[in-house]
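The structure appears right after this line, and notes come after that.
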Amino acid sequence: MGSVTTPSAARRATVSLFSRLRTAEGQADPFPIYAELRAQGGGISPAPWGGFLVTSFHTCDQVLRSSAWLEPDTRWRERQGERTRWSASSSREISRTLPALNPPEHTAVRRAAGNFDRATIDRMTPRVDRVVERLLDTVMERLHTGEADFAALVSEELPVATVGDWLALPSADWPRLRELTHEQVFTQELLPSASQLARSDAAMAELRAYFLDLVRERRARPGEDPVSRWIRTWDAMEPDRDKADEAVYFLALFVLLAALETTSTLLSTMALLLVEHPDRWNLLAAQPDLVPAFVEETLRYDPPTHVISRVGAQDCLLDGVEVRADEMLHLMVGAAHRDPAQHSRPDLFDPHRKPAHLAFSGGIHYCLGAPLARLEAQTLLRRMITLLPPLTLVRTPSRAPRVAFRRLLNLDVALA
Ligand code: HEM
C-alpha cells in the first residue's frame, strides 16, 4: 500500500535487516543494523510490509510534535479490516487507552489523569529510597556467596514495588501482574506473530478482569489512592457511572502496562552500562552530580522503547517522500538517537553529554510517568555507587527477541 514503489532489492535488504534485528546478535547490538538502514534510506525508507521507517532524529522529533500525525486509534484499527493484527482483542483494548487516543478525546482523558508533579514525587521519594536499599541488600547478600542476577533482583522489582504501592495494589498480586505485562507487550510490538498475539489477548483478558474488579472495589471503599481519585474526577465529568468506571479502568490498566517493563529495561540498561566499564563506576563515585546526566545518556544511548508509531492524518510530503493518509510511520527512535546529524560521535556513551532524546516520546503524548522513571533510575544509581562495591559483568545478558520493546532477561554481576 506504500505510495512509493519500493525497488524489490531495497525491500529485500530491509527484510534481511529486520531478520538480523531479531537474532541474539541483533538484540545485543542493533545499532550497526540501524546505521545500514539509515544509509539505505537516508532517514526515511519504505517498510516492506507498508508504511515507512524513520531514522532521522529531526524528522522523528518533528512528527511527534505535529498535529498532522495521529496515533493509530480505534477507528484507524477498524479501517485495517478483520483478521489483521489490529483486530486482535488485545489491540482493540489498547486502542482505548490514553496513548492511543487523539484529540479532542486525548486532551480530556490526559487532563483527568493528572501528573507526577514535584509534590507527588517528593512524597514518593522516601519509599523508593527504602525499596532500593532493601533490594541492594539482597544483591549484596548474594554477592558474598557468588554472582547475582541484577535484572531479577532489582530491575524487575523496583518498578512494580513503586507503582504497585502508588496504586495501592496488594503486594501478593505484583508477581502475576508483572508476568501479564510481559505477555501483553506483543500486541504493541512491531510484527507480532499469531501465537504472540494470542498470548497478548489472554493476558489482556486477565488484566481487564483484574482492573475492572479493582475499580468496583475502590468505588465501594474509596480511599486517597490514584484510582479512587480518578473515580471522583470521572464522576464529575461523566454522568454515566459505567462509562466513568470504564475510563478509570483504562487509565489504571495503562499506567501499570506503561510503568513496568519500560522502567525495568531502563534500570537494567543503566546498570549494564555501569558494570561493563569500571571507569564509569569510578567516574560516578567521584562525581555523583553526574547521576542525572548518566540516566539521560542511558535513555539516549539505548532507550527502552526503540519504535513509536504514528499514522498520517492526510496525504503529505515528509522529507520529500509522499506519505498517504492512514499510512504508518515507524519512528525508529533507538536509531534516531544515534543520528550523527543530531549527536556528534553518537556511538560513544558520554555521561557529560546532557542529550536531547525521544525516549519519552514528544508532543502531546510525552510520557506521563517520566518524572517517576527518572526518580527510580537516579535513586538506584546514587545508591549503587554509595552502597555497593564496584561490580563486574559475569556474562553477556540475554534479551527477549523483540524490536520495539527492549528487555534484558538477566544481568549477572559479581564483585569486581
Ligand atoms: C523508562 C521508563 C519509561 C519509558 C521509556 C516510557 C516511554 C513512553 C513513551 C515512548 C510514551 C509515548 C508513546 C507514544 O508517543 O505513542 C509514553 C507514554 C506514556 N507513559 Fe511512559 N515510559 C516510561 C515510564 C512510565 C511510567 C513509570 C509511567 C506511569 C507511572 C508511564 C506512563 C505513561 C502514560 C500514561 C503514557 C501515555 C501518555 C499520553 O499518551 O498522553 N510511563 N511512555
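The values are calculated or read from the model by the stated rules, or taken from the named source; none is laboratory data. For clarity, every value in this text was computed on a predicted model and none was experimentally measured. Using ideal geometry, Cβ is built from the backbone for each residue, glycine included, and neighbour counts are taken over all protein chains shown.
When the residues of the range 65-116 are filtered to those that are aromatic (Phe, Trp, Tyr) and not in a helix (DSSP H, G or I), which remaining residue is farthest from the chain's Cα centre (by Cα)? Walk me through how you get there before you give the answer.
At the first step, the residues of the range 65-116 found to be aromatic (Phe, Trp, Tyr) are 69, 76, 86, 116.
Now narrow it down to the ones that are not in a helix (DSSP H, G or I): 69, 116.
Values: 69: 20, 116: 17 Å.
So, considering only residues that are aromatic (Phe, Trp, Tyr) and not in a helix (DSSP H, G or I), the one farthest from the chain's Cα centre (by Cα) is 69.
Considering each residue of the range 252-283, count those that are closer than 30 Å to residue 214 by Cβ and over 16 Å from the mean Cα position of the chain (by Cα), and give that number. Let's see the steps before the verdict.
So the first thing to find is which residues in the range 252-283 are closer than 30 Å to residue 214 by Cβ, and the list is 252-268.
Right, trim to over 16 Å from the mean Cα position of the chain (by Cα) and you get 252.
Residues in the range 252-283 being closer than 30 Å to residue 214 by Cβ and over 16 Å from the mean Cα position of the chain (by Cα): 1 in total.
Just one of the listed residues (233, 262) is within 16 Å of the ligand (Cβ to nearest atom) and under 30 Å from residue 57 (Cα atoms), namely 262.
Take the residues in the range 319-344 that are of a type outside the set (Lys, Arg) and farther than 23 Å from residue 50 by Cα, then tell me which one is nearest to the ligand (Cβ to nearest atom). Result: 337.
Checking each residue in the range 170-201 for being hydrophobic (A, V, I, L, M, F, W, C) and in contact with a helix residue (DSSP H, G or I) (Cβ under 7 Å, 6 or more places away or on another chain) picks out 174, 177, 180, 185, 186, 197. Within this structure, residue 155 passes the test of being polar (S, T, N, Q) and either crowded, with 18+ Cβ neighbours inside 10 Å or at pLDDT below 95 (or both).
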